[in-house]
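Data block below; observations after.
The values are calculated or read from the model by the stated rules, or taken from the named source; none is laboratory data. The structure displayed is predicted, hence computed values, not measured ones. Cβ atoms come from the backbone with ideal geometry, glycine included; neighbour counts cover every protein chain shown. In case anyone asks, the SASA skips ligands and DNA or RNA and just uses the protein heavy atoms, side chains included. Shrake-Rupley method; radii C 1.70, N 1.55, O 1.52, S 1.80 Å.
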Amino acid sequence: MSKFTEEKPEVMPRPVDLDLIAQGVRLILEGIGEDLERPGLVDTPTRVAEMFAELTSGMREDPTQHVVPLPGDKHDEMVIVKDISIASMCEHHLAPFVGKCHIAYIPKQGRILGISKLARLAETFSRRLQLQERLTTDIANTLFEGLKPLGVMVVIEAEHTCMTLRGVRKADAKTVTSAVLGGFRSDPRTRAEAMALIKGKE
Ligand SMILES: [Zn+2]
């Protein structure tokens, strides 16, 4: 379990400096030889700065706030939430990667989480500079530690624009990552059952 947990102190980053980002965008535009005064580009630095603020808003949120069990509700069977849309940004290229996140868990002592909380958890972690592998384990670890279920499995399928738009240009190539904890790890049959449900087969 511990090998999946990254040791990092929870330090809240400083607020976004929109002016500083806009300066950087101006430098990029200059660097590629653009005319900063061209009407189409006049507001681009500010717009891009606001977009970056939004796409990294998860850096300034505490993901554990979403992991609060529903009071009163008790459920002991496997829960699977499929096809949570995620949009994140690859930290190596600052290029978006978009895809679907599937979360499965087996509740312990009936503790379950509202479906929207699972989506919010995935969103908080995806709105950061990420690697798909880390995004997957961050979601799984936070859910495992906060809800204390019997098992957690997170699968993410995503298309990386840094791969599909440039370099090897593998259009439509999907990267699939998974993080498997607790009962899903120790019991291959449970894991296979969850994987089959995620893939839409019974
Ligand atoms: Zn990349």
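Entry remark, the range 159-173: residues being β-branched (Val, Ile, Thr) and either within 25 Å of Ile80 (Cβ to Cβ) or open to solvent by 60 Å² or more (accessible area, probe 1.4 Å) (or both) number 1 in total.
Residue count for the range 4-18, restricted to those that are loosely packed, with under 11 Cβ neighbours inside 10 Å and either touching a Leu at 6+ places or on another chain (Cβ under 8 Å) or at pLDDT 95 or above (or both): 0.
Across the range 77-87, not a single residue is classified as under 25 Å from Val48 (Cα atoms), within 16 Å of the ligand (Cβ to nearest atom), modelled with pLDDT of 95 or more and among the polar types (S, T, N, Q). Listed by first and then second residue, the pairs linking a residue in the range 79-104 that is free of Cβ contacts under 8 Å to residues at least 24 places away in the same chain to a residue that is β-branched (Val, Ile, Thr) and in a strand (DSSP E or B), with Cβ atoms under 8 Å apart and 6 or more places separating them unless they lie on different chains, are Ser85/Val98. Being on the phi > 0 side of the Ramachandran plot and either out of contact with any Leu (no Cβ under 8 Å at 6 or more places or on another chain) or within 16 Å of the ligand (Cβ to nearest atom) (or both) is a property that holds for Gly72. On the basis of being out of contact with any Asp or Glu (no Cβ under 6 Å at 6 or more places or on another chain), away from the ligand (no atom under 16 Å from the Cβ) and closer than 22 Å to Leu147 by Cα, does Pro45 make the cut? Considered against the rule, which asks whether it is out of contact with any Asp or Glu (no Cβ under 6 Å at 6 or more places or on another chain), away from the ligand (no atom under 16 Å from the Cβ) and closer than 22 Å to Leu147 by Cα, Pro45 comes out as no. For the residues Ala119, Ala95, Ala53, the requirement of being farther than 20 Å from Phe184 by Cα and out of contact with any Leu (no Cβ under 9 Å at 6 or more places or on another chain) singles out Ala119.
Considering the range 44-158, the qualifying helices (runs of 4 or more DSSP H), each wholly inside and each with 2 or more residues that are crowded, with 21+ Cβ neighbours inside 10 Å, run over 115-126, 132-147. Could you say whether any residue in the range 57-74 is in contact with a strand residue (DSSP E or B) (Cβ under 9 Å, 6 or more places away or on another chain) and of a type in the set (A, V, I, L, M)? Yes, some residue in the range 57-74 is in contact with a strand residue (DSSP E or B) (Cβ under 9 Å, 6 or more places away or on another chain) and of a type in the set (A, V, I, L, M). Among the residues of the range 19-39, those that are part of a helix (DSSP H, G or I) and either on the phi > 0 side of the Ramachandran plot or open to solvent by 60 Å² or more (accessible area, probe 1.4 Å) (or both) comprise Asp19, Leu20, Gln23, Arg26, Leu27, Ile28, Glu30, Gly31, Pro39.
Here's the yes/no breakdown for (1) under 11 Å from the mean Cα position of the chain (by Cα); (2) within 18 Å of Val81 (Cβ to Cβ); (3) within 16 Å of the ligand (Cβ to nearest atom); (4) charged (D, E, K, R):
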{"position": "Cys101", "(1), (2), (3), (4)": "yes, yes, no, no"}
{"position": "Tyr105", "(1), (2), (3), (4)": "no, yes, no, no"}
{"position": "Arg111", "(1), (2), (3), (4)": "no, yes, no, yes"}
{"position": "Glu123", "(1), (2), (3), (4)": "yes, yes, no, yes"}
{"position": "Val152", "(1), (2), (3), (4)": "no, yes, no, no"}
{"position": "Gly183", "(1), (2), (3), (4)": "no, yes, no, no"}
{"position": "Thr190", "(1), (2), (3), (4)": "no, yes, no, no"}
{"position": "Gly200", "(1), (2), (3), (4)": "no, yes, no, no"}
